[in-house]
1. Could you please tell me the mean projected area of the C-alpha convex hull for the chain, averaged over all directions and given in square nanometres to one decimal?
2. I need the semi-axes of the equivalent ellipsoid of the stretch 31-72: take the C-alpha gyration tensor, multiply each eigenvalue by 5, square-root it, list largest first in whole angstrom.
3. Under a crude label model (7 Å from the Cα following the beta-carbon direction), how far is Ile78 from Asn42 in nanometres?
4. Computed FRET efficiency, Cβ-Cβ of His66 and His29, R0 22 Å: what is it to the nearest 0.05?
5. Enter the accessible area per residue of the chain (Å², integer; probe 1.4 Å; all protein chains in place).
6. For the chain, what is the mean residue ellipticity at 222 nm derived from helices alone (per DSSP H run of n ≥ 4: -39500 (n - 2.57); sum divided by total residues; nearest 500 deg cm²/dmol)?
7. What is the sum of charges around Arg105, taking Lys and Arg as +1, Asp and Glu as -1, for the other residues whose C-beta is under 13 Å from the C-beta of Arg105?
8. Test of understanding: in a Gaussian network model of the chain with alpha carbons linked when under 10 Å, which of Asp101, Asp79, Asp58 would top the mean-square fluctuation ranking?
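The values are calculated or read from the model by the stated rules, or taken from the named source; none is laboratory data. Fair warning: this is a prediction, and the values are worked out from it, not measured in the lab. Cβ sites come from the backbone with ideal geometry, for glycine too, and all protein chains shown count toward neighbours. Accessible surface areas use protein heavy atoms only, side chains included; no ligands, DNA or RNA. Shrake-Rupley method; radii C 1.70, N 1.55, O 1.52, S 1.80 Å.
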Amino acid sequence: MTADADALLALFEADGGIVDGSSRDALGHDQLREMLAWGAANLRDVRFEIDTDWAKVDGLVEDVAHAAGRWRIAFAPIDSPTGRTVHERGTFAERWHRGADGSWRIHRDLTLSREPDDAPA
């Protein structure tokens, strides 16, 4: 696993994860590692961008925060006969928890929408 993968895992609680309605969920650090390893083995030239539209601490539970925004990804499947780059975009919502040490980590990252990106950046 690369340092980038380790840094990504550090953003998530131990039982945190990604819930994606159009692909397999990755819940907990072990499944997140598997997802990242699959991507490293099957995709090349991956570019991922996130724009957070809003984030706020929950009004009822001070150690919980929510965020939402948009994402874009571009990648080339290693086994693609054409070598064509795939471009997708979508929206997300996240739930963050503040730990006893004061740091915030992602509990759940929910993919709300996914579609082809006809106007790649």
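1. 8.3
2. Values: eigenvalues 185, 46, 4 Å².
The equivalent ellipsoid of the stretch 31-72 has semi-axes of 30, 15, 5 Å.
3. The answer from the label model is 1.1 nm.
4. Result of the calculation: an efficiency of 0.50.
5. About 65 Å² of surface per residue is accessible.
6. Taking each H run of at least 4 residues, the total per residue is -6000 deg cm²/dmol.
7. -3
8. Greatest mean-square fluctuation among the candidates belongs to Asp101.
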